[in-house]
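Note sheet for the following structure.
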Amino acid sequence: MGKPTGFLEFERQAESYEPKEQRLKHYREFVDHLSDAQAKTQGARCMDCGIPFCNNGCPVNNIIPDWNDLVYKGKWREAIDVLHSTNNFPEFTGRICPAPCEAACTLGINADPVGIKSIERAIIDKAGESGWVVPQPAAVETGKKVAVVGSGPAGLAAAQQLARAGHDVTVFEKNDRIGGLLRYGIPDFKLDKRLIDWRVAQLAAEGVKFQTKTLVGKDAPKGVANDAAKVVAPSKLMKEFDAVVLAGGSETPRDLPVSGRELDGVHFALEFLIPQNKQVAGGRKNAIDVKGKHVVVIGGGDTGSDCVGTSNRQGAASVTQFELLPRPPEQENKPLVWPYWPTKMRTSSSHEEGCARDWSVATTAFVGEAGKLKSLKAVRLSWADGKMSEIAGSEFEVEADYVFLAMGFTNPVASMLDAFGVAKDNRGNAKATTDGKDCYATSVDKVFAAGDVRRGQSLVVWAIREGRQCAREVDAFLMGSTTLPR
Ligand SMILES: Cc1cc2nc3c(=O)[nH]c(=O)nc-3n(C[C@H](O)[C@H](O)[C@H](O)COP(=O)(O)OP(=O)(O)OC[C@H]3O[C@@H](n4cnc5c(N)ncnc54)[C@H](O)[C@@H]3O)c2cc1C
Ligand code: SF4
């Protein structure tokens, strides 16, 4: 603990944002990291409270009090080593993690929590700028071959850990670029894609091989992004590799099968976001263009918020977001919920840029003319004991040229799991436990699963955790023992 009275002396300091009028004109990141001095002051606020609930609240169990202390003392080099010891990709989490660690911060019980995520980002940005992030190739090669299917944060974390353990790792990705939803899904203004290229270059220098535009499975999946020019049969992977890690994410979007769903203008969120990301990356200009149009986003999570931010950048005439659930309270009841993640009103930077938000709303129909969407019909809901009912007479209609369905993802693409013959749980995810003997192992010998494909739609930080932990299990399976961290 660098400064025992820091938490009494200093306020939480947020990172600075480019004003919304300016940031809406481009798709670049607009949040600036803390300066060295600001990060030092923020680090001084950590009480090193003895039982670091933040460390437990963080899914990768970042050793937060230690790097807070190191940053306070100006020991940045040591800070990145501690941070990297638990998290392969802090440049992603330091930007887009919702920071459950901060909900668990002890200082947060009666004051603003330590700005943990902003310190994490300051550490990795400084490490990157200082050239401290270099390849760490394994000293000894094991001669074992591992295939990783999917290049999202789970696949990349598993690949990096396994390569560093000396295994010969190949990542197979059906899309044209590496990164999973980090690359195609999460908008550029939240995550600069050069950060993915930077990390992928490190993995490549550590020996990881990448095969893009390569679908592993049998049939091309319907309704999900797929740039594959080549299909590799699971039987080939099973023959040529000593272990396989499935990290294909949870790509099946939840649909809204009401009348008019087929109208031109009703799209899944990723049908909007992925071409937009590709366009920003210099690809074909074929993204849906909502300039001057009325947009309704259905679903209130990260995906919905990204549709809002993208629509506003394109110059939509209006953006409205509907959520089925009731409006959450402005503030949580801290003594009741701490140190857990609270349900409370969350306003993202995209919402701040302009969006009418409405809760307890169910869409009942899409209305169109000549096959083109014109409006959306909805009804208000009342909620009691977790059950919803429609309020009679509350029906209303709003103008809509485009509707983006952002109601989450129900399960991984079944054909990929079926092609391997992997057993599924009752939600359609790859069945594998995370504790005990044979964890992360699927029902098929030498096939493992990690990330959204196993746990269902989740967060980047959980995907990194699962990729790391799964790599440990694969290493133990291949070598009989492992020194990789759990
Ligand atoms: C729009 C959007 C915004 C989000 N925003 C946030 C956020 O701000 N913060 C946060 O923490 N989380 C966010 N998430 C969630 C987060 O992105 C995911 O939880 C995370 O990326 C899951 O990682 P993963 O590696 O398991 O899978 P994914 O990132 O989904 O990667 C899976 C990869 O596997 C590939 N693949 C699948 N099947 C095959 C196959 N058969 N052969 C070859 N390749 C295959 C896919 O093409 C994909 O590239 C967001 C999600 C979405 C959709
Ligand atoms: S990864 Fe997320 S939960 Fe963990 S310290 Fe960083 S911001 Fe907090």
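The values are calculated or read from the model by the stated rules, or taken from the named source; none is laboratory data. Nothing here was measured: the structure is a model prediction, and the numbers come from that model. Positions of Cβ are generated from backbone atoms using ideal geometry, with glycine treated the same way; all protein chains shown enter the neighbour counts.
For every residue, the table says whether it meets (1) within 16 Å of ligand 1 (Cβ to nearest atom); (2) surrounded by 20 or more Cβ atoms within 10 Å (Cβ to Cβ); (3) at pLDDT 95 or above.
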| position | (1), (2), (3) |
| --- | --- |
| Ala37 | no, no, yes |
| Gly43 | no, yes, yes |
| Asp48 | no, no, no |
| Asn55 | no, no, yes |
| Val60 | yes, yes, yes |
| Asp69 | no, yes, yes |
| Tyr72 | no, yes, yes |
| Glu78 | no, no, yes |
| Ser85 | no, no, yes |
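Which of the residues spanning the stretch 52-70 are over 14 Å from Gly108 (Cβ atoms), in contact (Cβ under 8 Å) with a residue 24 or more places away in the chain and of a type in the set (Val, Ile, Thr)?
Val60
Tell me, which residue of the stretch 467-482 that is over 11 Å from Leu162 (Cα atoms) and part of a loop (DSSP other than H, G, I, E, B) is farthest from the chain's Cα centre (by Cα)? Full working, then the answer.
Restricting attention to the stretch 467-482, the residues satisfying the condition of being over 11 Å from Leu162 (Cα atoms) are 477, 479-481.
From what's left, part of a loop (DSSP other than H, G, I, E, B): 480-481.
Working: Gly480: 32, Ser481: 31 Å.
Top of the filtered list is Gly480.
Within the stretch 125-142, identify whether any single residue is closer than 16 Å to Val60 by Cβ, without any contact (Cβ under 8 Å) to a residue 60 or more places away in the chain and either away from ligand 1 (no atom under 16 Å from the Cβ) or of a type outside the set (S, T, N, Q) (or both), and answer yes or no. Quick ask: steps written out before the conclusion?
From the stretch 125-142, those closer than 16 Å to Val60 by Cβ are none; that's our starting set.
So far as the stretch 125-142 goes, no, none of its residues is closer than 16 Å to Val60 by Cβ, without any contact (Cβ under 8 Å) to a residue 60 or more places away in the chain and either away from ligand 1 (no atom under 16 Å from the Cβ) or of a type outside the set (S, T, N, Q) (or both).
Output the residues belonging to the stretch 99-119 that are more than 10 Å from Ala39 (Cβ to Cβ), assigned to a helix (DSSP H, G or I) and within 16 Å of ligand 1 (Cβ to nearest atom). Spell out how you get there, then give the answer.
As a first pass, look at the stretch 99-119 and keep what is more than 10 Å from Ala39 (Cβ to Cβ): 99-114, 116-117.
If we keep only those that are assigned to a helix (DSSP H, G or I) too, we end up with 100-103, 106-109, 116-117.
Pro100, Cys101, Glu102, Ala103, Ile116, Lys117 - these are the residues of the stretch 99-119 that are more than 10 Å from Ala39 (Cβ to Cβ), assigned to a helix (DSSP H, G or I) and within 16 Å of ligand 1 (Cβ to nearest atom).
Regarding Gly128, is this residue away from ligand 2 (no atom under 15 Å from the Cβ), part of a helix (DSSP H, G or I) and surrounded by fewer than 19 Cβ atoms within 10 Å (Cβ to Cβ)? Reasoning before the result, please.
Values: away from ligand 2 (no atom under 15 Å from the Cβ): yes; part of a helix (DSSP H, G or I): yes; surrounded by fewer than 19 Cβ atoms within 10 Å (Cβ to Cβ): yes.
Against the criterion (away from ligand 2 (no atom under 15 Å from the Cβ), part of a helix (DSSP H, G or I) and surrounded by fewer than 19 Cβ atoms within 10 Å (Cβ to Cβ)), Gly128 qualifies.
For residues that are surrounded by fewer than 17 Cβ atoms within 10 Å (Cβ to Cβ) and in contact (Cβ under 8 Å) with a residue 40 or more places away in the chain, scanning just the stretch 369-407, find the one that is farthest from ligand 2 (Cβ to nearest atom).
Result: Gly371.
Pairs please, first residue from the stretch 176-187 and farther than 16 Å from Asp452 by Cβ, second anywhere and within 16 Å of ligand 2 (Cβ to nearest atom) and among the aliphatic types (A, V, I, L, M), Cβ atoms under 9 Å, 6+ apart in sequence or on different chains.
Sorted first by the residue in the stretch 176-187, then by its partner, the pairs are Ile178/Leu156.
Can you tell me which of (1) surrounded by 24 or more Cβ atoms within 10 Å (Cβ to Cβ); (2) modelled with pLDDT under 95 is the one Asn110 doesn't meet?
Exception for Asn110: condition (1).
Out of all the residues in the stretch 68-87, which are within 11 Å of ligand 2 (Cβ to nearest atom) and part of a loop (DSSP other than H, G, I, E, B)? Quick ask: steps written out before the conclusion?
Step one: of the stretch 68-87, the residues within 11 Å of ligand 2 (Cβ to nearest atom) are 68, 83, 86-87.
Listed by number, the residues that qualify are Thr86, Asn87.
Can you find even one residue in the stretch 313-328 that is surrounded by 14 or more Cβ atoms within 10 Å (Cβ to Cβ), over 29 Å from Glu18 (Cβ atoms) and within 17 Å of the chain's Cα centre (by Cα)?
Within the stretch 313-328 (the criterion being surrounded by 14 or more Cβ atoms within 10 Å (Cβ to Cβ), over 29 Å from Glu18 (Cβ atoms) and within 17 Å of the chain's Cα centre (by Cα)), the answer is no, since none of the residues qualifies.
What is the residue count in the stretch 88-117 for residues that are under 17 Å from the mean Cα position of the chain (by Cα), within 10 Å of ligand 2 (Cβ to nearest atom) and in contact (Cβ under 8 Å) with a residue 24 or more places away in the chain?
Initial filter on the stretch 88-117 (under 17 Å from the mean Cα position of the chain (by Cα)): 88-101, 117.
Now narrow it down to the ones that are within 10 Å of ligand 2 (Cβ to nearest atom): 89-90, 92-101, 117.
Pick out the ones that are also in contact (Cβ under 8 Å) with a residue 24 or more places away in the chain and you get 89-90, 92-98, 100-101, 117.
So the answer is 12.
Can you give me the number of residues within the stretch 442-461 that are of a type in the set (A, V, I, L, M, F, W, C), under 9 Å from the mean Cα position of the chain (by Cα) and farther than 16 Å from Gln160 by Cα? Steps first, please.
If we filter the stretch 442-461 for residues that are of a type in the set (A, V, I, L, M, F, W, C), which is where we start, we get 444, 447-450, 453, 459-461.
The next check asks that each one be under 9 Å from the mean Cα position of the chain (by Cα); those that pass are 459-461.
When the remaining residues are screened for being farther than 16 Å from Gln160 by Cα, the result is 459.
Residues that pass the stated criteria total 1.
Only one of Thr482, Thr433 is touching a residue at least 60 places away in the same chain (Cβ under 8 Å) and more than 19 Å from Cys58 (Cβ to Cβ); which?
Numbers: Thr433 fails: touching a residue at least 60 places away in the same chain (Cβ under 8 Å).
Every option except Thr482 fails the conditions.
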